[in-house]
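Note sheet for the following structure.
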Amino acid sequence: MEVSITKMSQNGQVVIPSEIRRDAGIGPSTKFIVFNEGGNILLKQIKKERLVEDIKLINKVIKSEEQIKKGKYTKADTKMKDEEIDDILMS
C-alpha cells in the first residue's frame, strides 16, 4: 500500500499524489464515489462494469452498520470460506 500526504486547496480541491495515481492506474476524468465515514473521506474508483456491484455492497454495508448499532452481530469462524462468512453477514 502506497501512502502519501496531500492537502486541500481553498476551493476544496485535493490533489492525489502522482505515485498514488500511478499505483492505482487512474488518470484524468476518472470518476469516484466519495464517502464520509466519521470524518474520514474515502474515494472509490467507479468502473462501469462494477458499478452495480458497488452499489449493492454499499447497501449491504449500510444495513450491517444499522444492525451493529442495534446490537445485532454474528460470530464467524476464521476457518470458514469467504463465501460462507459473506452469506452469514449479508443475510
With +1 at each Lys and Arg Cβ and -1 at each Asp and Glu Cβ, the charge dipole magnitude of the chain around its Cα centre, to the nearest 20 debye, comes out at 300
Among (i) 16.3; (ii) 12.8; (iii) 15.7, the value of Kirkwood radius over Cα pairs in Å computed for this structure carries the label (i)
Close lysine pairs (the chain; alpha-carbon distance under 12 Å; 8 or more apart or on separate chains) counted at 4
Any trypsin sites (Lys or Arg not before Pro) in the stretch 6-91 that lie in a DSSP loop and have at most 13 other Cβ atoms within 10 Å would be K7, K31, K47, K70, K72, K75, K79, K81
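Are there any chymotrypsin sites (Phe, Trp or Tyr not before Pro) in the stretch 1-76 that are in a DSSP loop and have at most 12 other Cβ atoms within 10 Å? List them by number.
When the chymotrypsin sites (Phe, Trp or Tyr not before Pro) of the stretch 1-76 are filtered for loop state and at most 12 Cβ neighbours within 10 Å, Y73 remain.
No value in this document is a laboratory result; all are computed from the given coordinates. Because the structure is predicted, anything quoted here is derived from the model rather than measured. With ideal geometry, Cβ positions are generated from the backbone for all residues, glycine too; neighbour counts draw on all protein chains shown.
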